[in-house]
Each structure stands twice: as C-alpha cells, then as structure tokens.
There are 2 protein chains.
Amino acid sequence: MEIFYSYDCSGGVCRLDETESAHCVRVLRHREGEEIQVFDGSGNLYRCRLTDASPKAAQALVLEQIPDWGAVPYRLTMGVCPTKNADRFEWFAEKAVEFGVDRIAPLAGDHSERRTVNLQRLRKILLSAAKQSLKGRVPEVDEICTVKEFIRNANPESLRLIAYCFEEEDARKLSINEALSSAGNVPITILIGPEGDFSREELQLALSNGFLPVHLGQSRLRTETAALAAVAAVYLNSQCS
Amino acid sequence: MEIFYSYDCSGGVCRLDETESAHCVRVLRHREGEEIQVFDGSGNLYRCRLTDASPKAAQALVLEQIPDWGAVPYRLTMGVCPTKNADRFEWFAEKAVEFGVDRIAPLAGDHSERRTVNLQRLRKILLSAAKQSLKGRVPEVDEICTVKEFIRNANPESLRLIAYCFEEEDARKLSINEALSSAGNVPITILIGPEGDFSREELQLALSNGFLPVHLGQSRLRTETAALAAVAAVYLNSQCS
C-alpha cells in the first residue's frame, strides 16, 4: 500500500509537497480522478481522490478520514542520549517508530560525548519509518536538552523509568517488565543514558523527582540497544501479553 | 575492560592472531608479564599473563579459566531470511549478540530476494559484538539454506516458533510471549521470513513439522525488526520477568 504524506490537510483537501507530488505523479503516475491514500503525520489516514496531478504541488479531495490510524494503545516518551556514532541513534529512532513511540527527546547528559543531533535528518527518518510501518502519527522530536532539564520537565502523571548500569545502594532496581506491569494506562517516560552512563547527580535528581530505577537484564547493551530494548518491552507488554 | 580473542586456547596457553596481537602489543602496549583477559569464543574467559609480546603472534599463559562467561540462561536459534539490504541483516545480527543468541541460520525463502550472505563479514561482526557486549560465546552462523531445509532439520526437542504476517485459517497465532511462557528450559527456535513473507507451502510445512504460529503484535515490522523483536522477547522473558 502506497501512502503519501501531506503537510496540510484542511478544508477537505490534502496538499502534497514537491517531493511527495513528484513521487505520486511522476514516479507512480497517478492521474486526476484516481484514489490515493494520504496521511498527515498527526494520526489521520485519508482516502482521497486526486484532483490536481501537479508534479510540484498535487492536491487531493478527502473522501474518508480514518483517525488514530496505526496507533498503539500506549503513550511512550523516550528520553535518550544520542550515541557518539549518529547512525546508531538514527537506527534506534527508526526502530522505535516501527514498534510505536510518541515522542523522542534527545538528551545531553553529564557524561555525553555527543551534545548535538541533526533534527532535520532525524525527522526525515521518522517520517519515512512511519510511512513504511503504517503509522499515522509521526513521533515528535524535541530540540536537544540536558538530562536534568528533561527530568525536571517530565510529565509527573506518567510512569517515569530510568535505566542505568552502575549500582546505587539506595536504589533497588525493578526489571523493566515489573515496572511496566504497574503502568496501567498512564503515559510512560523512559530515560536512557549515554555510553558513559548517567552521573550520580542525574540519577539522584531522577529518583527525587519520582523516576523508578529499572534494569534491562544482565547483558551489557549498547546505548541504542538499551533504548530499543525499553521500547520493545513496552510494545511487547502491550501487544503480546 | 579490554578483552582479546584467541583462536586457540589449549595446553594452558592462549594464542592471539596477528590482528589481536597487534592490538594488544602495539596499540595497547601490553608487555610480557602483564595480566590480560582473553576469550575463546566458545564461552570461556581466561585471566592470563602475557608471556610472548610478539606483535604478530602473542601468547599468554592461562592463570584462571571462567566458563560460561556472559552466558544467557536460554538456548536460542534464529532462522532468519536475510534482508535485501545486507546492512539490515548485519545490524540484526549485532543486536542479537548483545541480547544473547546461540545460533543464527540465514535462510532463503520461496519469496526471498536475497539468497546469499557474506559469512566472513558476518562472523567478524558477531565476534566484535560478543567482545563489546562481554559474551564469551560467539554465536554459530550456518551456511545459508532454504527455509524448508531449516524446518526439516530443526531440533524437534526445541520450542519451534514461526512468525508470519498473512492470515491462515487453520492456524491460530499465539503472541510470542504466550508461546514463550510455555517454553520452560527447552531450547527455542524462531523462524522469521523475508520481506515477501513465507509462502503458504513453507508455513504448512512448518506447522506439520510442529512449529507453533506466533505473532509479534499489531505493528508492521521490517524483517530485521521482527527478528530483533523475537530475540528481545526471549531475552526480556528470561531476564526481566
């Protein structure tokens, strides 16, 4: 099933940008009057009729709107420190979309080597992953902020989990599955540190702000693998229990 | 912790090949008499004393042998059809090692576009992932064979699961977690198809050979993501329940 992204679906009309128009009209040779499927990245799929087959600015009339298309039954925010190697973080982002994630917050930790992320590139990857995995909603991506800012601003209504590797006496870790089993329907926020792990200050701030310490099992996982393990755990708990 | 791979640990001596010797002696400047850690890829970690700091063929005397080092408490064989894009399959292999997998069997399915795999390159990736994630055992990788051969030769004592996307009337799918909860301590074999999914013949052969049909939730996952979801499910069930 081919789906086109529209940056603007309003007034019963979906407008395609130059890239999507060219793909729709030039590559796939759709003609005026044909039915196409369009999504808006905000959760809606539209069954449309192509009314203007312009290869630069195609437009389609909405015949039917399908809300919450491809939505997963949970709300997940991942706060993750980007890896030194940008590919690994981008890979995580793609896979997180396939499983289902609502928001990705790239974070700079006290021990982070990378403190920048290419948001434009990341958003392209997320959009294309959403199309490929039939998800109507493209996850939000925040500007990078510090781990401490993220902790202070995390939704206090959400189940907030922090996964880290070192041992801290006053923090008994639950397994991520134990922690998730208590989630019910509340939104979930999971914090994953950089290659150098969180600083003790960051952990203490998280704990004093209501984050639960969790572990992801005994294997030593790379940062992006740990982040994906957390997303997979949320997904599998919700879809495969 | 720096660990060196030895292709031959016997008679109380671990021998390093040219690459590992150069890394140990030239890059990290280890000297004779120093302690180093060596693993043999078969599950053993050795605490050693460097006795010959040759940058081409270093040798170390075994002081202590630690068996089953970094082993996970399950036995998992993944039969996976390589993706069109080789990187995606190699990425799966790296991540599978981090979680823990014993054997990877690349398979050619009736609908496979890729019927070859670069085993030498794959083995390098697995070795380096095992070192990085502190796993003493490097997973076995088979020569590519057909899905049907793999089904016929699968260990009949193992819990055998097949994940596929299409609907088949006579096969009610369990979720992978439901299926795994019945595993106990038996080895696990999981079969993941190509981008084009399995053929009906392959599915029927699997079912008639005792494979259980499973699903991996409602999201449409890429082949390599589905394969990783299965490995993650086994890992999380074992480590995080």
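Numbers below:
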| quantity | calculated |
| --- | --- |
| Per-region count, the range B:124-167, residues among the charged types (D, E, K, R) and closer than 18 Å to B:R88 by Cβ | 1 |
| The range B:88-120, residues that are within 18 Å of A:E94 (Cβ to Cβ), without any contact (Cβ under 8 Å) to a residue 60 or more places away in the chain and not hydrophobic (A, V, I, L, M, F, W, C) | B:E90, B:E94, B:E98 |
| Residue in the range A:192-205 that is within 14 Å of another protein chain (Cβ to nearest Cβ) and among the polar types (S, T, N, Q) present | no |
| Failed item in (1) part of a loop (DSSP other than H, G, I, E, B); (2) open to solvent by 10 Å² or more (accessible area, probe 1.4 Å), with A:P82 passing the rest | (2) |
| Residue list for the range B:197-212, filter: open to solvent by 60 Å² or more (accessible area, probe 1.4 Å) and either in contact with a helix residue (DSSP H, G or I) (Cβ under 7 Å, 6 or more places away or on another chain) or closer than 16 Å to B:S238 by Cβ (or both) | B:L212 |
| Failed item, numbered, when A:R220 is tested on (1) open to solvent by 40 Å² or more (accessible area, probe 1.4 Å); (2) at the interface with chain B (Cβ under 8 Å from one of its Cβ atoms); (3) part of a helix (DSSP H, G or I) | (3) |
| Tally, over the range A:223-240, of residues that are closer than 11 Å to B:A233 by Cβ and either touching a His at 6+ places or on another chain (Cβ under 8 Å) or facing chain B (nearest Cβ under 7 Å) (or both) | 7 |
| Residue list for the range B:158-174, filter: modelled with pLDDT of 95 or more and either more than 20 Å from the chain's Cα centre (by Cα) or of a type outside the set (A, V, I, L, M, F, W, C) (or both) | B:S158, B:R160 |
| Of the criteria (1) open to solvent by less than 10 Å² (accessible area, probe 1.4 Å); (2) in contact with a strand residue (DSSP E or B) (Cβ under 6 Å, 6 or more places away or on another chain), which one A:D102 fails | (1) |
| Selection count where residues are closer than 26 Å to A:L134 by Cβ and either at the interface with another protein chain (Cβ under 9 Å from one of its Cβ atoms) or without any contact (Cβ under 8 Å) to a residue 12 or more places away in the chain (or both), scope the range B:206-217 | 4 |
| Flag for B:V147 being closer than 29 Å to A:S133 by Cα and β-branched (V, I, T) | yes |
| Single condition A:L228 does not satisfy, out of (1) closer than 24 Å to B:V101 by Cβ; (2) open to solvent by 30 Å² or more (accessible area, probe 1.4 Å) | (2) |
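The values are calculated or read from the model by the stated rules, or taken from the named source; none is laboratory data. Just so it is clear, the structure is predicted and the values come from calculations on it, not from any experiment. Don't worry about glycine lacking a Cβ; one is built from the backbone with ideal geometry, like all the others, and counts go over all protein chains shown. Heads up: the accessible areas ignore ligands, DNA and RNA and are worked out on the full protein's heavy atoms, side chains in. Shrake-Rupley method; radii C 1.70, N 1.55, O 1.52, S 1.80 Å.
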